[in-house]
């Protein structure tokens, strides 16, 4: 399982095991426990900090993690962790704990497959989007040529809360919902979307004809005229 990150090596070296081996090509820099670096060529999630794993077991196999200079780094544990954001919690499964690597590497293909998302990379930033809705779930900047994914890069989420109010009248619901038509309002009531304590006729709403009419109606004023243009009315 060859992978590349940073300086890409032409091929992976051979290992003691006959099965394909995990590898990575970056082992420099400072680490942050909540900072992951998306790697489009990697074939494993990798962390140098065992504390980032919420569930781990010692690795007893004979495989190594190969980096770009051909060195094989020991794999100490394998486990799972999660990346939290205001919109969603993302799962990282089968994460390798490699004490001598210095970056948290994110296997892009596996991350997208496990969480039903996709990355959209740009020159100076990236977006992590929902595979179905295309909604932006996370965004991040690039630093020194590397894209950085962290919990602090989460896109703020507008919050809205709804609960039925058993004491609300039909007139109050009508005004709170933006003056829907009687047909729409009745559908909400019949589907138990809202709860009304009274079914007052919505035709008594004075705002509806004002907001949905292009001009005001002329009401009797009591004025009487005997010549043209003696009384002028305007709704401008």
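Filter region 139-171 down to the residues that are assigned to a strand (DSSP E or B) and either at positive phi or modelled with pLDDT under 80 (or both) and list them by number.
150, 154
Conditions (1) farther than 26 Å from residue 144 by Cα; (2) at pLDDT below 50; (3) within 26 Å of the chain's Cα centre (by Cα); (4) part of a loop (DSSP other than H, G, I, E, B), marked per residue:
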| residue | (1), (2), (3), (4) |
| --- | --- |
| 20 | yes, yes, no, yes |
| 30 | no, yes, no, yes |
| 37 | no, no, yes, no |
| 42 | no, no, yes, yes |
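So which residues in region 44-65 are in a loop (DSSP other than H, G, I, E, B) and in contact with a strand residue (DSSP E or B) (Cβ under 7 Å, 6 or more places away or on another chain), if there are any at all?
Those that are in a loop (DSSP other than H, G, I, E, B) and in contact with a strand residue (DSSP E or B) (Cβ under 7 Å, 6 or more places away or on another chain): 44, 53, 54, 59.
List the pairs whose first member sits in region 196-210 and is surrounded by 14 or more Cβ atoms within 10 Å (Cβ to Cβ), whose second member is modelled with pLDDT under 60, and whose Cβ atoms are under 6 Å apart, counting only residues at least 6 apart or on separate chains?
If the second residue must be modelled with pLDDT under 60, no pairs are left.
What number goes with the only condition from (1) closer than 16 Å to residue 37 by Cβ; (2) modelled with pLDDT of 90 or more that residue 68 does not pass?
Going through (1) closer than 16 Å to residue 37 by Cβ; (2) modelled with pLDDT of 90 or more one by one, residue 68 breaks only (2).
Go through region 69-92 and give me each residue that's in contact with a strand residue (DSSP E or B) (Cβ under 7 Å, 6 or more places away or on another chain) and touching a residue at least 60 places away in the same chain (Cβ under 8 Å).
83, 85, 86, 87
Among the candidates 107, 90, 111, 121, which residue alone is closer than 23 Å to residue 135 by Cβ, modelled with pLDDT of 90 or more and touching a helix residue (DSSP H, G or I) at 6+ places or on another chain (Cβ under 6 Å)?
Of the residues listed, the single one that is closer than 23 Å to residue 135 by Cβ, modelled with pLDDT of 90 or more and touching a helix residue (DSSP H, G or I) at 6+ places or on another chain (Cβ under 6 Å) is 90.
Kindly indicate the residue of region 172-192 that is over 10 Å from residue 208 (Cα atoms) and not in a helix (DSSP H, G or I) and also modelled with the highest pLDDT among those meeting that condition.
The qualifying residue modelled with the highest pLDDT is 177.
Please find, among 50, 60, the residue that is modelled with pLDDT of 85 or more, surrounded by 12 or more Cβ atoms within 10 Å (Cβ to Cβ), farther than 23 Å from residue 144 by Cα and assigned by TED's automatic domain parsing to the domain that holds residue 96.
50
The values are calculated or read from the model by the stated rules, or taken from the named source; none is laboratory data. Values in this document were obtained by computation on a predicted structure and should not be read as measured data. Note that each Cβ is placed from the backbone with ideal geometry, even for glycine, and that neighbours are counted across all protein chains shown.
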